[in-house]
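Report on the following structure.
The values are calculated or read from the model by the stated rules, or taken from the named source; none is laboratory data. Treat the numbers as computed from the prediction; the structure is a model and nothing was measured. For neighbour counting, all protein chains shown are included, and Cβ atoms are generated from backbone atoms with ideal geometry for every residue, glycine included.
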Amino acid sequence: MEVKCVPPQDVVHSIMEKTKNLTLHLPADLIRRVKVYAAQRDTTINGVVKELLEKTVCSEDKARAAADRVLEAAKRGPWSAVDPGSISREEMHERR
């Protein structure tokens, strides 16, 4: 299962999109710095927070999908008939 994340700037929001308000309590200095950051990028604090949250959730979704793929591959094998405990240290590190 491949997770595709749409970059925030490419998201088309419909007029009917539901939004909710969120109150954050942040240090005044951080808010001031984020205002400058947002202004330099022609966006708002809300836009900056939204983009960061979307990237975070997208990264988490991609990581979860990758972990699921690894677990599925592990279930399928390949399996070895050799008992790992039967291999000596020397054999394990033998160069061919």
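At a glance:
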{"quantity": "Qualifying residue in the range 69-87 (condition: farther than 30 Å from Leu24 by Cα and either touching a residue at least 60 places away in the same chain (Cβ under 8 Å) or touching a Ser or Thr at 6+ places or on another chain (Cβ under 7 Å) (or both))", "calculated": "yes"}
{"quantity": "Spans of helices (runs of 4 or more DSSP H) in the range 22-96 with at least 1 residues exposed (fewer than 10 other Cβ atoms within 10 Å of the Cβ) and at positive phi", "calculated": "none"}
{"quantity": "Residue check, Ser14 modelled with pLDDT of 75 or more and exposed (fewer than 10 other Cβ atoms within 10 Å of the Cβ)", "calculated": "no"}
